[in-house]
1. Say we look at segment 90-131 and pick out the residues that are hydroxyl-bearing (Ser, Thr, Tyr) and modelled with pLDDT under 80; which of these is surrounded by the fewest Cβ atoms within 10 Å (Cβ to Cβ)?
2. Do you know which residues across segment 129-158 are touching a helix residue (DSSP H, G or I) at 6+ places or on another chain (Cβ under 9 Å), in contact (Cβ under 8 Å) with a residue 40 or more places away in the chain and charged (D, E, K, R)?
3. Determine if segment 74-82 includes at least one residue that is within 22 Å of Leu172 (Cβ to Cβ), at pLDDT 90 or above and in contact with a strand residue (DSSP E or B) (Cβ under 9 Å, 6 or more places away or on another chain).
4. Return yes when Trp87 is of a type in the set (Phe, Trp, Tyr), surrounded by 14 or more Cβ atoms within 10 Å (Cβ to Cβ) and modelled with pLDDT of 90 or more and no when it is not.
5. Check segment 163-174 and report whether any residue there is modelled with pLDDT of 85 or more, within 23 Å of Glu68 (Cβ to Cβ), surrounded by 14 or more Cβ atoms within 10 Å (Cβ to Cβ) and not basic (Lys, Arg).
6. Across segment 1-57, what is the total count of residues that are within 30 Å of Pro79 (Cβ to Cβ), hydroxyl-bearing (Ser, Thr, Tyr) and at pLDDT below 75?
Amino acid sequence: MMQRRNKTRKRSQVVFLLVILLWSIAMGWGLAIATNAQPSPKQDAASEIGTVDIVPSRFQLGQELYLENCATCHIALPPAVMPTQTWQRLLQDPQHYGVTLPQLVDPPRLLIWNYLRNFSRPLLKEEPTPYRVGESRYFKALHPNVKLPRPVDVSSCVSCHSSATEYNFRRLSPEWEATQ
């Protein structure tokens, strides 16, 4: 009788280990499929949104607030297009290109400032602070060999960057894609 119990116990342990092994294999296989799955068009578009840099999580709320406050009236420019000093001036000045805007208050203003400051570049010593996109050395550097319209205007971005209204400056219009 004792020998029969030992066999039953050993068989139960083997069955239990087999179940755990099969469950582990199934879970690993499922995870492998899930991580190698192709993104849906919606996921692909979401991963494509952005400027040039990946925005770390500590700056994402600042980026969202920037888009929420700026992209509702015009195309939001990537921070790298204008120098840090221009962004600072824009955040402090209630006169925004001839329109009086309500001043942003803290903490949203600080979150936006941290985002813009981190993803823009400072001016060179003795360089004047540009207030218009076409005056920005950084804007010109990001557009080498591009015949820019006169005057350069934020709304003209869409002519080359077809998804600029979605804050996606990586996707170019078909004419520009062909030249790349």
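1. Applying the first criterion (hydroxyl-bearing (Ser, Thr, Tyr)) to segment 90-131 yields 97, 100, 115, 120, 129, 131.
Narrowing further to those that are modelled with pLDDT under 80: 97, 100.
Values: Tyr97: 12, Thr100: 9.
Among those that are hydroxyl-bearing (Ser, Thr, Tyr) and modelled with pLDDT under 80, it is Thr100.
2. None - no residue of segment 129-158 is touching a helix residue (DSSP H, G or I) at 6+ places or on another chain (Cβ under 9 Å), in contact (Cβ under 8 Å) with a residue 40 or more places away in the chain and charged (D, E, K, R), so the list stays empty.
3. no
4. Details: of a type in the set (Phe, Trp, Tyr): yes; surrounded by 14 or more Cβ atoms within 10 Å (Cβ to Cβ): yes; modelled with pLDDT of 90 or more: no.
Answer is no for this residue.
5. Scanning segment 163-174, I find no residue that is modelled with pLDDT of 85 or more, within 23 Å of Glu68 (Cβ to Cβ), surrounded by 14 or more Cβ atoms within 10 Å (Cβ to Cβ) and not basic (Lys, Arg), so the answer is no.
6. Start the filter on segment 1-57 by keeping residues that are within 30 Å of Pro79 (Cβ to Cβ), which leaves 39-57.
Those still in the list that are hydroxyl-bearing (Ser, Thr, Tyr) too: 40, 47, 51, 57.
Among the residues that remain, those that are also at pLDDT below 75 are: 40, 47, 51.
Residues that pass the stated criteria total 3.
The values are calculated or read from the model by the stated rules, or taken from the named source; none is laboratory data. Note that the structure is a prediction, hence the values are computed from the model and not measured. As a convention, Cβ positions derive from the backbone with ideal geometry for all residues, glycine included, and neighbour counts pool all protein chains shown.
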